[in-house]
Structures are given as structure tokens and as C-alpha cells.
Amino acid sequence: MNYYEQITVLNSNNIEYKCVRLQKYNDYSHRATNKYYVNGKLVSHQERFICMSLIDNSTDYTFTERKWIK
């Protein structure tokens, strides 16, 4: 199995928003999971949607890292 990880970090108003997307590939299919963090804490429900929309609608990312994990 191969894993592809993409980490996107956005700093806005002294708050760090982070999205970690992990995609798992095999011979037949792939599956992806997204986890969102605000100041290093995993968020869910309403905070997740706020974090997701801020990252998706911004173009001023601190950094985006992509790497293959085997």
C-alpha cells in the first residue's frame, strides 16, 4: 500500500489552522481522510466546517507539504 499525505497550514490572526489529508492507494481503489486542527487540537462538528472553509477560501498558506509514505 502507498500513502500520500498532504499537510496545509494557514496562520490567520495568531491562530493556526491545519488540514492533514491522507490518501491510501492500493491496486483496486483509494480512500482519503481529512483531519482538521486549530492551534494543534483536533476539531469536529461546527469548528471543523469553519476551519475547512477558511483553508479552502484562502490563498495565503504558510506552507503545504506533500509526501509519499510507504
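How about the stretch 1-46: which of its residues are modelled with pLDDT of 90 or more, hydroxyl-bearing (Ser, Thr, Tyr) and in a strand (DSSP E or B)? Before the answer, list the steps.
So the first thing to find is which residues in the stretch 1-46 are modelled with pLDDT of 90 or more, and the list is 3-11, 14-24, 31-46.
Checking which are hydroxyl-bearing (Ser, Thr, Tyr) leaves us with 3-4, 8, 17, 33, 36-37, 44.
Result: TYR3, TYR4, THR8, TYR17, THR33, TYR36, TYR37.
Scan the stretch 29-39 for residues that are under 12 Å from the mean Cα position of the chain (by Cα) and either among the β-branched types (Val, Ile, Thr) or more than 20 Å from TYR4 (Cα to Cα) (or both) and jot them down. Show your work before the answer.
Step one: list which residues in the stretch 29-39 are under 12 Å from the mean Cα position of the chain (by Cα), which gives 32-38.
Selection gives THR33, VAL38.
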- prompt: How many residues does the stretch 47-68 contain that are in contact (Cβ under 8 Å) with a residue 40 or more places away in the chain and either surrounded by 11 or more Cβ atoms within 10 Å (Cβ to Cβ) or in a helix (DSSP H, G or I) (or both)?
  reply: 6
Residue ID - surrounded by the fewest Cβ atoms within 10 Å (Cβ to Cβ), chosen from residues in the stretch 2-28 that are of a type in the set (D, E, K, R) and more than 12 Å from THR62 (Cβ to Cβ): ASP27
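Of all residues being among the aromatic types (Phe, Trp, Tyr) and touching a residue at least 24 places away in the same chain (Cβ under 8 Å) in the stretch 1-29, which is farthest from LEU42 (Cα to Cα)? Just the residue, please.
Taking the stretch 1-29 first, the residues among the aromatic types (Phe, Trp, Tyr) are 3-4, 17, 25, 28.
Right, trim to touching a residue at least 24 places away in the same chain (Cβ under 8 Å) and you get 3-4, 17, 25.
Numbers: TYR3: 21, TYR4: 20, TYR17: 10, TYR25: 24 Å.
The qualifying residue farthest from LEU42 (Cα to Cα) is TYR25.
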query: Of the residues PHE63, PHE49, which single one is aromatic (Phe, Trp, Tyr) and touching a Ser or Thr at 6+ places or on another chain (Cβ under 9 Å)?
result: PHE63
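The values are calculated or read from the model by the stated rules, or taken from the named source; none is laboratory data. Keep in mind that this is a model prediction, so the values were computed, not measured. Note: ideal-geometry Cβ built from the backbone for every residue, glycine included; neighbour counts use all protein chains shown.
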